[in-house]
Amino acid sequence: METTINGVRVRYTDVGHGPAILLVHAFPLAGAMWRPQLEALQGEYRLIAPDLRGFGGSDAPPGPYTMDQQADDLAALLDHLGLARATVCGLSMGGYIALAFMRRHAARARALVLADTKAGADSDDGRAGREANARLAEAEGAAAIADKMIPGLVAPDAGQAVRDDLRAMIIANTPAGIAGALRGMALRPDSFEVLPTIAVPTLVVVGELDGLTPPAEARAISMAIPGSAVAVIPGVGHLSSMEASEAFTAALRDFLGGLHD
Ligand code: MLT
């Protein structure tokens, strides 16, 4: 499905019936990264998985795409769908966006899932690395970003199928979209101050071998969010929802099943 949100054509998947869950994808992927969860949970929930601005089938206007702007796009998508509230589940960059959503649109969140993400802003070195990657994408295309990033996105022994899936998703994105998101992530503020204000049920999920946002980050986030829980997915890396889709979905299902409307 497709709509225009804040002047940008946005493509999204909307399947199933039941309490709404908004699935917010990682960088530099697309809503399709949630395919296993869309398939497994659509009998019980309404699942909405947008391609964020700059990714997948959505337009890639000039960047940078700030996390605030992406969060505002999500709130506008909920408006478009007539949904007052949804559970927001974001992985990595999707988690940065979910935290911006909690800062700006907290009343629209029924519950929160923060997966393989972190609350801190980038260091100076991190920001310089993002700019270097943005230039790499602009000069050499999305395939260069895929080559550089895939080894860090999954565990060392991750299978070829998940790597192929990832590569297909990354190279379908445009250099402009990739660069816009990188420059937007570099601008994001520290979100630690928002964590103690989160007043909805929250699950923090992390792959045991996540080298980009390790379990220590997940525990630090959870310590700061009153009443939140942590689920560690054994044996997998950063993209835990893709690498161990069944274990990730089971953790999500357990959490969602415990929510009472
Ligand atoms: C992601 O998976 O979304 C990215 O690794 C996040 C980041 O680059 O900080």
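For the stretch 136-146, give me each residue that is part of a helix (DSSP H, G or I) and more than 15 Å from the ligand (Cβ to nearest atom).
Our first condition is that a residue be part of a helix (DSSP H, G or I); within the stretch 136-146, this holds for 136-140, 142-146.
Of everything in the stretch 136-146, those that are part of a helix (DSSP H, G or I) and more than 15 Å from the ligand (Cβ to nearest atom) turn out to be 138, 139, 140, 143, 144.
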(message) Anything in the stretch 143-194 that is of a type in the set (A, V, I, L, M) and in contact with a Ser or Thr (Cβ under 7 Å, 6 or more places away or on another chain)? List them, or say none.
(response) 187
(message) Just to check your reading of the model, which residue among 80, 17 is more than 27 Å from residue 152 (Cβ to Cβ) and touching a Ser or Thr at 6+ places or on another chain (Cβ under 8 Å)?
(response) 80
(request) Report whether or not residue 164 is over 18 Å from the mean Cα position of the chain (by Cα) and either acidic (Asp, Glu) or within 16 Å of the ligand (Cβ to nearest atom) (or both). (result) yes
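Does residue 43 meet the test of being over 18 Å from residue 87 (Cβ atoms), out of contact with any strand residue (DSSP E or B) (no Cβ under 9 Å at 6 or more places or on another chain) and away from the ligand (no atom under 14 Å from the Cβ)? Before the answer, list the steps.
Values: over 18 Å from residue 87 (Cβ atoms): no; out of contact with any strand residue (DSSP E or B) (no Cβ under 9 Å at 6 or more places or on another chain): yes; away from the ligand (no atom under 14 Å from the Cβ): yes.
Judged against the criteria, residue 43 is not a match.
Only one residue in 23, 52 is assigned to a strand (DSSP E or B) and either in contact (Cβ under 8 Å) with a residue 60 or more places away in the chain or touching a Lys or Arg at 6+ places or on another chain (Cβ under 6 Å) (or both). Which one?
Working: 52 fails: assigned to a strand (DSSP E or B).
None of the others qualify; the one that does is 23.
Quick grid of which residues meet (1) polar (S, T, N, Q); (2) surrounded by fewer than 20 Cβ atoms within 10 Å (Cβ to Cβ); (3) touching a helix residue (DSSP H, G or I) at 6+ places or on another chain (Cβ under 9 Å):
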{"position": "152", "(1), (2), (3)": "no, yes, no"}
{"position": "162", "(1), (2), (3)": "no, no, yes"}
{"position": "194", "(1), (2), (3)": "no, yes, yes"}
{"position": "202", "(1), (2), (3)": "yes, no, yes"}
{"position": "214", "(1), (2), (3)": "no, yes, no"}
{"position": "223", "(1), (2), (3)": "no, yes, yes"}
{"position": "247", "(1), (2), (3)": "no, yes, yes"}
{"position": "254", "(1), (2), (3)": "no, yes, no"}
(request) Collect the residues in the stretch 90-135 that are part of a helix (DSSP H, G or I) and more than 15 Å from residue 71 (Cα to Cα), keeping them in residue-number order. (result) 124, 125, 126, 127, 128, 129, 130, 131, 132, 133, 134, 135
(request) Pairs only if they're at least six apart or on different chains, beta carbon under 9 angstrom, first in the stretch 223-238 and in contact (Cβ under 8 Å) with a residue 24 or more places away in the chain, second of a type in the set (Lys, Arg) and part of a helix (DSSP H, G or I); list them, first residue then second. (result) 230/219
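Values in this text are rule-based calculations from the coordinates and carry no lab data. Keep in mind that what you see is a predicted model, and the values were worked out from it rather than measured. When we count neighbours, we look across all protein chains shown, and the Cβ atoms used for this are built from the backbone with ideal geometry, even at glycine.
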